[in-house]
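Working notes, structure below.
Nothing in this text is a laboratory measurement; each read-out follows from the coordinates by a stated rule. Small disclaimer: the values here were computed from a predicted structure and weren't measured. Neighbour counts are summed over all protein chains in view; Cβ atoms, including those assigned to glycine, are modelled from backbone coordinates with ideal geometry.
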C-alpha cells in the first residue's frame, strides 16, 4: 500500500516538475508581441491581466474589421494601439489631426471597463 502511494506521489511530482518548465500563461508583453502582426502594433500596459489583454486585442481587430466592412479600406497604414496609465482619455482623432494616422491611445481603466461591460 505504501509503495503504491509513494509511486502515485512520485508520478504526480514528476508531472508537476515536467510541466513547470513550460510557461503556464502568456504575459501581457507576450500577447502584445504575438498580436502585433500585419497592420497592428500593440503596446499594452502590464496593469492589464493577460486575459484582458487578449480580449482587448481581439476587440480592436474585430472593430477595425467592422469599420472596413462598412466604409471600405480607407487607411493602408499600421494601427499603433497603446494602452497605458499615462493616458487619461481615449484618443484616435487628435493624433490623426496631428499627422499620426493610425495611432490610438487608451487608458488602462477604459480598456478594463469596456471589457467588463460585455
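Beyond 19 Å, how much of the Cα-Cα pair distribution for the stretch 31-118 remains, as a whole percent?
Across the stretch 31-118, Cα pairs with separations above 19 Å total 37 percent.
I'd like the FRET efficiency for residue 73 and residue 43, computed as 1/(1 + (r/R0)^6) with the beta carbon distance as r and R0 of 25 Å, rounded to 0.05.
0.60
May I have the extent of the alpha carbons of the stretch 33-77 along their three principal axes, as whole Å values ordered from largest to smallest?
Per principal axis, max minus min of the Cα coordinates gives 34, 17, 13 Å.
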